[in-house]
């Protein structure tokens, strides 16, 4: 039997080979799916390369003669030869340059209209709407209506975390550097990463929390200490979250400009929200840049709010 995976529905099928009136069985392993209609398989040396057509009778050549392959389903509809998730659809959505630009714009945690995202993607509004529809269908973004307008946001915190890590990995692999433009330097100094502080200030905040033993870090794991819980209570930093959310309390996040970890998770978002509420920091319009007042810079070093 020759097993292969249909690229249309993922169902495993068997193929029985009949040649010159004698039944022959070839075992093969699928090595790649070439398109929605063809699969290339690895076969023993005595057979030539097999082109498997999923929409008609299957043919293979042996010594220049044709062999008819007949398809038979051998597994239940829910069984496949792969026991891992198919990441290709998500990768394809993110891999498009226009959609990637839109996703990066949405990583500031704000909601934008299709017209605004068209500017980030450098495309027309109609083209932007088409891209946004694909991102929404793929589960990467969500849409909400307010009056006559429709706004788009990152769908979940898990999606934002995935994009954060992808930015960090990309910066390391490409060894990218940020041009020394004033706006880029501001972005590197302090910015929002979905819902928490990033850049030099974000990294410094995490380092100060570790120094004061409010959090402890071991390799890529970070946890809040009992002393840290008391500190949050004293500073009015709310760590409560809805029961429906399964967000980690503390999570390190690789900063794509500093190549060091900053603090994400519930505590990272709670600290940022507290600073926003006290007007210690201000988010710039249509940008991820964050501006710190003197009180904000003092808090990063002293970890104490001034009422």
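Sorted by mean Cβ packing within 10 Å, highest first, what order do the peptides 267-277, 217-227 take?
Values: 267-277: 20.3, 217-227: 12.7.
My ranking of the peptides, most packed first, is 267-277, 217-227.
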Q.
Quick check on the stretch 207-284: take the gyration tensor over C-alpha atoms, sort the square-rooted eigenvalues as a ≥ b ≥ c, and tell me if it's rounded (a/c under 1.5), prolate or oblate.
A. rounded
Q. If you take all C-alpha pairs in the stretch 88-155, what percent of them are over 20 Å apart?
A. 16
Q) Mean separation of Cα pairs under 8 Å and 6+ residues apart, divided by the residue count of the stretch 178-307: what relative contact order is that in percent? A) 28
Q: Give the peptides 129-140, 202-213 in descending order of average Cβ contacts within 10 Å, highest first.
A: 202-213, 129-140
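Every number here is computed from the coordinates shown, using simple stated rules; none is lab data. Since we're looking at a predicted model, the values are computed, not measured. With ideal geometry, Cβ positions are generated from the backbone for all residues, glycine too; neighbour counts draw on all protein chains shown.
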